[in-house]
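J.: Below is a structure I'd like to ask you about.
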Amino acid sequence: MGKRHHNHRLVKIHRSYTVEEITKLFGVHKNTVRSWLKDGLATIDNKRPMMIAGHDLVEFIKKRRTKNKQTCKPGELFCVKCRAPKLPAEGMADYSPVTEKFGNLVAFCPDCESIMNQRVSLARIESVCENIDITFPQALRHIVNRSRPIINSDLR
């Protein structure tokens, strides 16, 4: 099975490709390339073997990728299962830090109840998620920060 998103940077724009060369380049079945031809991938002429110009192939792949792209509005996270941006269930999300400058927002989808994730900068979290109640993790208390020692301690 081939990839869903094909890397258009593999294509040389000044070269012409046959259907078989495109299948090897992207690792897809020849019927996939033939369906691309039916969907609007331009050929150089109608003769056999069908030749596709590299620049036409790059434009076709880019157009297919941007056609299905959906951007999230402020306060929305993308649900992979529903394939749509959605507001989190009950307007709540958890922040999970990755580094000190950015982390992930984790929430539940209101429709399918699957987990939604979004990478967010800690500096911009208020502007991106203004309508979401975000829970930040509390730092764990270390033993050296205790006000009094544990009862079973040998330290005096």
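The values are calculated or read from the model by the stated rules, or taken from the named source; none is laboratory data. On a predicted model such as this, the values are computed, not experimentally measured, just so you know. We place every Cβ from the backbone using ideal geometry, glycine too, and count neighbours over all the protein chains shown.
J.: Tally time: how many residues in the range 89-101 are over 16 Å from CYS72 (Cβ atoms), in contact with a Ser or Thr (Cβ under 9 Å, 6 or more places away or on another chain) and not hydroxyl-bearing (Ser, Thr, Tyr)? Spell out how you get there, then give the answer.
T.: From the range 89-101, those over 16 Å from CYS72 (Cβ atoms) are 90, 92, 94-101; that's our starting set.
Those left that are additionally in contact with a Ser or Thr (Cβ under 9 Å, 6 or more places away or on another chain): 92, 94-95, 101.
Subset that is not hydroxyl-bearing (Ser, Thr, Tyr): 92, 94, 101.
Total meeting the criteria: 3.
J.: Hey, among the residues in the range 40-63 that are assigned to a helix (DSSP H, G or I) and in contact (Cβ under 8 Å) with a residue 12 or more places away in the chain, which one's surrounded by the most Cβ atoms within 10 Å (Cβ to Cβ)?
T.: LEU57
J.: Would you kindly identify the strands (runs of 3 or more DSSP E) lying entirely within the range 89-156 that contain at least 1 residues that are modelled with pLDDT of 85 or more?
T.: Counting at least 1 such residues, we get 92-97, 102-108, 115-121.
J.: Tally the residues that are of a type in the set (D, E, K, R) and in contact with a Lys or Arg (Cβ under 6 Å, 6 or more places away or on another chain), restricting the search to the range 1-53. Break it down stepwise before answering.
T.: Residues of the range 1-53 that are of a type in the set (D, E, K, R), as a first pass: 3-4, 9, 12, 15, 20-21, 24, 30, 34, 38-39, 45, 47-48.
This time we only want the ones that are in contact with a Lys or Arg (Cβ under 6 Å, 6 or more places away or on another chain), so: none.
Total satisfying the criteria: 0.
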